[in-house]
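Right, one structure below, let's go through it.
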Amino acid sequence: MPPYADPRQAYFAGLIDAVGLPALVVLGSMIGFGSLARESGFALWLAVATTGAVWSLPGQMAMAELYSVGASAAAIAVAVSVANLRFLPMALAMLPVFRQGVRHQGWNYILVLLLSVNTWTGAMRRCPHLPHDQRAPYYLGFSTVCMGAGLVGTAAGFVLAGVLPRTVTLGLVFLNPIYFALVFADVRQRSGVLALAAGAVIGPLVHLLSPVWGLVVTGVVAGTAAYLLDEALERRRA
Amino acid sequence: MPDPQPWFILVVAFAANYLWRGLGVAISGHISPTGGLFKWVSCVAYALLAGLIARIIVLPVGLLAATPLIDRLGAVAVAMGLFFLFRRNLVLGTVAGVATIVALTLIRAS
């Protein structure tokens, strides 16, 4: 268990922690994307490059669906952008945790390339408990394995499209929400628990009202409500 | 209008996605990890992701949309139950949840 001997050990610990469920979840999701990409008319190189460059399942799905119907580049830009808005609060919640240990802040522009729900939850679970100089290396190790699994999964999904039985694909795709539901159920910090509960309850309802902006509204409304409630509880105890 | 070139689409998708990540880096330098703003933005991130996962389970698109809601919720209940019963065992919970949805789908198909 952490802390590790030095940043190098933290990097390898990140690698090892990602092997197993986190890598399997990415693999499963990207196998799903790989076969969708093939059905959408992507070439293999484009499917794999999309995973590397966009690195977000909702964004990639939006891109594949629009590409298949011959949408314009502008329409794809808007759809991918809206689907990926969540990276703003995610980056804002993660990077300050790294800051003291990152010598050249320019590296952050590289680090965010590897940001995904998977690497974010992996980092948020461990990094706050590590010495500052071990945090970014841990995240980098964790992300290396996830990205590797994502690229391999995309290629495998592309090649295996139509070959895998439906139930197998179903299981692979369901890995993602089940895994994250449990990871989030394991969050102990009170403000986090409140935000997760509020988001889970209003998320689907708001989505029905606005499929495009539902997530953003959910984040801001449920997040703010959780924040205010947590502050109020804090004051009452004090 | 001619079809956009695949590489051009890729560059556009990358830029549209990097926008938020890059903006996050630019703004994050002004946020203290111990301040109220950081706590608020963490709450927003958690709420947003919980909303996303709940949406995928309750209102999925694609392959999962073909399964009944009760099956998906049942699988989540089994996963959560075993997860907490066996000292927060993530592997056991996840595998059980996936096994449940696959089993229910096979039973309904037969």
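Annotations for the structure displayed:
- Of all residues in the stretch B:16-31, those that are open to solvent by less than 70 Å² (accessible area, probe 1.4 Å) and more than 7 Å from every other protein chain (Cβ to nearest Cβ) total 2.
- Filtering the stretch A:70-82 to residues that are open to solvent by less than 10 Å² (accessible area, probe 1.4 Å) and within 17 Å of the chain's Cα centre (by Cα) leaves only A:VAL80.
- Every pair of residues 6+ apart whose Cβ atoms lie under 7 Å, when the first sits in the stretch A:112-127 and is more than 10 Å from chain B (Cβ to nearest Cβ) and touching a residue at least 40 places away in the same chain (Cβ under 8 Å) while the second is open to solvent by 20 Å² or more (accessible area, probe 1.4 Å) and in a helix (DSSP H, G or I): A:GLY122/A:ASP17
- A:TYR67, sole failed condition from (1) facing another protein chain (nearest Cβ under 9 Å); (2) open to solvent by 30 Å² or more (accessible area, probe 1.4 Å); (3) over 14 Å from A:PHE33 (Cβ atoms): (3)
- Any hit, the stretch B:70-81, residues being free of Cβ contacts under 8 Å to residues at least 24 places away in the same chain, under 24 Å from A:GLN60 (Cα atoms), outside any loop (DSSP other than H, G, I, E, B) and open to solvent by 30 Å² or more (accessible area, probe 1.4 Å): no
- Residues that are under 19 Å from the mean Cα position of the chain (by Cα) and either surrounded by fewer than 21 Cβ atoms within 10 Å (Cβ to Cβ) or within 8 Å of chain B (Cβ to nearest Cβ) (or both), drawn from the stretch A:95-110: A:LEU95, A:PRO96, A:VAL97, A:ASN108, A:TYR109, A:ILE110
- Applying the set (1) loosely packed, with under 15 Cβ neighbours inside 10 Å; (2) without any contact (Cβ under 8 Å) to a residue 12 or more places away in the chain; (3) under 24 Å from B:LEU90 (Cα atoms); (4) not hydroxyl-bearing (Ser, Thr, Tyr) to A:PRO211 leaves exactly one unmet item: (3).
- With respect to being over 21 Å from B:GLY93 (Cβ atoms), surrounded by 18 or more Cβ atoms within 10 Å (Cβ to Cβ) and facing chain B (nearest Cβ under 7 Å), A:ALA222 fits the description.
- Only one of A:MET61, A:MET30 that is in contact (Cβ under 8 Å) with a residue 24 or more places away in the chain, surrounded by fewer than 24 Cβ atoms within 10 Å (Cβ to Cβ), closer than 25 Å to B:ARG55 by Cα and of a type outside the set (Lys, Arg): A:MET61
- All positions within the stretch A:225-238 that are modelled with pLDDT of 95 or more and open to solvent by 30 Å² or more (accessible area, probe 1.4 Å): A:ALA225, A:TYR227, A:LEU228, A:LEU229, A:GLU231, A:ALA232, A:LEU233
- Unmet criterion (only one of (1) in the same structural domain as A:ALA232 (by TED's automatic domain parsing); (2) more than 19 Å from A:THR119 (Cβ to Cβ); (3) open to solvent by less than 30 Å² (accessible area, probe 1.4 Å)) for A:ALA161: (1)
The values are calculated or read from the model by the stated rules, or taken from the named source; none is laboratory data. Because the structure is predicted, anything quoted here is derived from the model rather than measured. A quick note on method: Cβ atoms are made from the backbone with ideal geometry, for glycine too, and the neighbour counts reach across all protein chains shown. Ligands, DNA and RNA are excluded from the accessible area calculation, which covers all protein heavy atoms including side chains. Shrake-Rupley method; radii C 1.70, N 1.55, O 1.52, S 1.80 Å.
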